[in-house]
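The structure under discussion appears below in the form of structure tokens.
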Amino acid sequence: MSDARSIIAKLRKRQTPTRDDLNWFARGLADQSVTDAQAGAFAMAVCLNGLGDVGRVALTMAMRDSGRVLDWDLDGPVLDKHSTGGVGDCVSLVLAPALAACGAFVPMISGRGLGHTGGTLDKLSAIPGLSTQLSGEQLRDVVTRAGCAIVGASADIAPADKRLYAVRDVTSTVESLDLITASILSKKLAAGLDGLVLDVKVGSGAFMKDRAAASDLAEALVRTANAAGCKTTALITDMSQPVAPALGNALEVAETMKVLTGQTKGKLVEMCASLGGVLLANAAVVEDVQAGADAIAAAIADGRAAERFGAMIAAMGGPVQFVESWPRFLPEATVIREIAAPASGYVSAMDGEALGLAVVELGGGRKVETDALNLAVGLSDVVRLGTQVSKGQPLAVVHAGRAADADRAETALRAAITITVAPADSPDLILDWVG
């Protein structure tokens, strides 16, 4: 018979708890029979001594099974994507409807902003009337009708993860590879997926600045998800600059709409095609990854992805004519200011985390969980790495609530962007594949 003390003792002695042990502990986290002290001791023991591959899979599945696991009866594969977090990353808003336009179904459980990175749910909150908190039946209805839904996790999805994550946050155990893997995958696997692609970001705008650490996480995620029965591939992608040239909730929705309505392309379309191509190929919707990438790009270019996005927005309570009239629905900042280059040269480096924190300081992100957001603020038209600029040419546009806020953002932005005399290259977007 399992109990919290014996499980923690095994971990302290570098022994791997059994599957029954971890199932018991996950249920205890969910029903509160495991105390906060025991949860903290468990997290610290895992952080210090690890679980190994077998234990990591067992913990992930135990946390998945601590709540409701969705099941689907649809005429296409159920697919999803997860990003480890970056700046200007509105990929989900474009990729989900593009996948739906290609015959997949996407029940995407997403989160709110964390640290310097933006949250997909916060971005959608910039659309008036839209609700991202749907019941199980509402989620099923939206996915069936629109092909995709981007929602927050309900209380009965992986409740063990909610409890353990809160404990990790106050016990300095957030960085454990095993706990990160179980946290990410327990929620994704609870969505009843047939396939998953992971966007593991590395660079100045990512949580992970080290390529080796990103590779380790990608390997752990892929091995664990595949062992749990979900076909999964990870792409390690560059985050030395924002994916889209905008940071901030309404501004990233605007960038999404420019892509979906054919006004712009760039790295955002390239990223969506790469990730979506892998998903469609793994699900045997297309012959290979290149065919999948072409299918995603075509769905974006010909407007089918925009149609799916519009159907999703309307089904979730947003404006029925959002795709056709999106500029009039999104909030605008009071102060809008171009930031000029201080010298001529080439944009050679960018501190993505500093840019993200500048948006937080503007009010576009949270310092504490209870902070209310200003959904209109942020940065737009951010210059790309490798671009040649002349003195006085705009590096970005600041969107702020007050002039003093814009002043601080301007100072932060100038410090975050490096201009050199020597030409600089724009980095590759896709750095490596795992799985």
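Near the amide H of Lys81, within less than 5 Å, lie the amide hydrogens of Val197, all on another chain or at least 5 residues away, with H placed in the peptide plane. Computed from phi, the 3J(HN,Hα) profile of the range 188-199 under the Karplus parametrisation 6.51, -1.76, 1.60 (θ = phi - 60°) reads 5, 5, 5, 7, x, 7, 8, x, 9, 10, 10, 9 Hz, with x in place of Gly and Pro. Here the 3J(HN,Hα) profile of the range 153-162, calculated from phi with Karplus coefficients 6.51, -1.76 and 1.60 at θ = phi - 60°, is 5, 6, 4, 9, 9, 6, x, 4, 5, 4 Hz, Gly and Pro shown as x.
Phi-derived couplings, Karplus 6.51 cos²θ - 1.76 cosθ + 1.60 at θ = phi - 60°, listed residue by residue for the range 299-307: 5, 6, 5, 8, x, 5, 5, 4, 4 Hz, with x used for Gly and Pro. Kirkwood radius for the range 143-281, taken over all pairs of different Cα atoms as the inverse mean of 1/r, rounds to 16.9 Å. Ellipticity at 222 nm from helices only: DSSP H runs of n ≥ 4 in the chain, each -39500 (n - 2.57), divided by the residue count, give -14500 deg cm²/dmol. Across Leu193, Leu74, Leu355, mean-square fluctuation computed from a Gaussian network of the chain (C-alpha pairs under 10 Å connected) peaks at Leu74. For the chain, the carbon plus sulfur part of the accessible surface works out to 51%, probe radius 1.4 Å. Put simply, the C-alpha atoms of the range 1-56 give a gyration tensor, and the ellipsoid matching it has half-axes of 16, 12, 10 Å, longest first.
Classification of the range 219-307 by its C-alpha gyration tensor yields an oblate form. The axis ratio a/c (a ≥ b ≥ c) is 1.5 or more, and b/c is at least a/b. List the residues whose amide H sits under 5 Å from the amide H of Met316, counting only those 5 or more places along or on another chain, with H placed 1.01 Å from N in the peptide plane. Here the answer is none, since no amide H 5 or more places off falls under 5 Å of that of Met316.
May I ask you to derive the relative contact order of the range 339-386, considering only C-alpha pairs under 8 Å and at least 6 residues apart, and to give it as an integer percent?
Across the range 339-386, relative contact order equals 40 percent.
For the range 309-435, what percent of Cα pairs sit more than 23 Å apart? The proportion of pairs with Cα distances above 23 Å equals 48 percent.
Judged by the mean number of other Cβ atoms found within 10 Å, the most tightly packed of the peptides 44-55, 383-394, 306-317 leads the ranking 306-317, 44-55, 383-394. Please work out whether the range 160-233 counts as rounded, prolate or oblate from its C-alpha gyration tensor, where a ≥ b ≥ c are the square roots of the eigenvalues and a/c under 1.5 means rounded, while otherwise a/b larger than b/c means prolate and anything else oblate? Oblate shape, in that a/c is at least 1.5 and b/c is the bigger or equal ratio. For the range 300-392, the per residue solvent-accessible surface stands at 48 Å², with DNA, RNA and ligands left out and a 1.4 Å probe.
When all alpha carbon pairs of the range 19-169 are counted in 5 Å bins from zero, the resulting P(r) reads 2, 9, 15, 18, 17, 17, 12, 8, 3, 0 %. Computed about the Cα centre, the dipole magnitude for the chain is approximately 700 debye when only Lys and Arg (+1) and Asp and Glu (-1) carry charge, each at its Cβ. In terms of Cα atoms, the Rg and Dmax of the chain work out to 21.6, 71 Å. Among the GluC sites (Glu not before Pro) in the range 235-302, those located in a DSSP loop and surrounded by at most 11 other Cβ atoms within 10 Å of their own Cβ are Glu287. Less than 5 angstrom separates the built amide H of Cys148 from those of Val106, all sequence-distant by 5 or more or on a different chain.
With an a/c value of 1.5 or above and a/b larger than b/c for the gyration tensor axes a ≥ b ≥ c computed over the alpha-carbon atoms, the range 97-155 is described as prolate.
In straight-distance terms, cross-link reach from Lys367 covers every one of the aspartates and glutamates whose alpha-carbon lies under 18 Å from its own, apart from those fewer than eight places away in the same chain; here that gives Asp122, Asp169, Glu353, Asp405.
Here Lys123 is the anchor, and the aspartates and glutamates within straight C-alpha reach of less than 13 Å, apart from those fewer than 8 places off in the same chain, are Asp89, Glu252, Glu255.
Note: relative contact order over the chain, using C-alpha pairs below 8 Å and six or more positions apart, is 19 percent.
Considering only beta bridges that DSSP places wholly inside the chain, some 50 percent are antiparallel.
The values are calculated or read from the model by the stated rules, or taken from the named source; none is laboratory data. Keep in mind it's a predicted model, so treat the numbers as computed, not measured. Heads up, the Cβs are rebuilt from the backbone with ideal geometry, glycines too, and the neighbour counts pull from every protein chain shown. What goes into the accessible areas is simple: the full protein's heavy atoms, side chains included, and nothing from ligands, DNA or RNA. Shrake-Rupley method; radii C 1.70, N 1.55, O 1.52, S 1.80 Å.
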